[in-house]
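Since every read-out is calculated from the coordinates, none of them should be taken as a lab result. Since we're looking at a predicted model, the values are computed, not measured. FYI the Cβ positions are ideal-geometry reconstructions off the backbone, even for glycines, and counts take in every protein chain you see.
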Amino acid sequence: MRDYKAALSFLENSGKVCIKKLGAIGSSFGGMVAIAAQETRIKALVTLATPYRISRNSKIINQSENGEYYALPSGRKLKKSFFDDLEKYNILELIKKTPPILIIHGKSDDIVPVEHAYELYKSAAEPKKLEIIENADHIFSTALERVMNLSLRWFRRYLV
């Protein structure tokens, strides 16, 4: 959370972006961070394959032997403190206070079930939109162009 807010502050202080027209895209846990941060500098948000809660007991997240980090299916390792921090937030409550949000999820996501997208959408405040992409997996392997086009349209609508 601290890194996310620091990145936004860096952008704000750089003088190279219009802070009144700042959008964010968060994928998977990044979407959770973007929602949980409740960052007022973000004026439009897109989440991709985002869960509304974390299950450390999931078959897809493996804890290291020393318990200091978790390994994801991608091979990426996240510190235990990252999960500890995210678990403090009720994403389904916080999403009620987000800026305009586009929720994109792959119907064939075997890492974060598509039901998470429906729950996020149900809890989100207007304006909101839900896009479920047939045959798309967790990283949208076969649908990246579609995801980019949907995201760009959303940002054009709410940031331009």
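Annotations
- Ranking of 47, 40 by count of other Cβ atoms within 10 Å, fewest first: 40, 47
- FRET efficiency estimate (nearest 0.05) - Cβ-Cβ, residue 64 to residue 149, R0 35 angstrom: 0.35
- Percent of beta bridges antiparallel (DSSP, segment 1-101, rounded to nearest 5): 40
- Put simply, the amide H of residue 69, placed in the peptide plane, has neighbours under 5 Å in 64, 80, leaving out anything fewer than 5 places away on its chain.
- Table column - 3J(HN,Hα) (Hz), segment 67-84, Karplus curve with 6.51, -1.76, 1.60, x for Gly and Pro: x, 7, 8, 10, 9, 8, x, 6, x, 5, 10, 10, 5, 4, 5, 4, 5, 4
- Footprinting exposure proxy ranking of 29, 83, fewest other C-beta atoms within 10 angstrom first, gives 83, 29.
- Per-residue Cβ neighbour rank within 10 angstrom, fewest leading, 54, 132, 101: 132, 54, 101
- Number of Lys pairs (Cα under 18 Å; 8 or more positions apart or on different chains) in segment 66-156: 12
- Most mobile of 16, 122, 79 in a GNM of the chain (Cα contacts under 10 Å): 16
- Spatially proximal aspartates and glutamates relative to residue 5 (Cα-Cα < 13 Å; intrachain offsets below 8 disregarded): 39
- Were the residues from residue 157 through residue 97 laid out at 0.36 nm apart, the gain over their Cα-Cα distance would be 19.7 nm.
- The chain: C-alpha gyration tensor shape, a/c 1.5 cut-off, then a/b vs b/c: oblate
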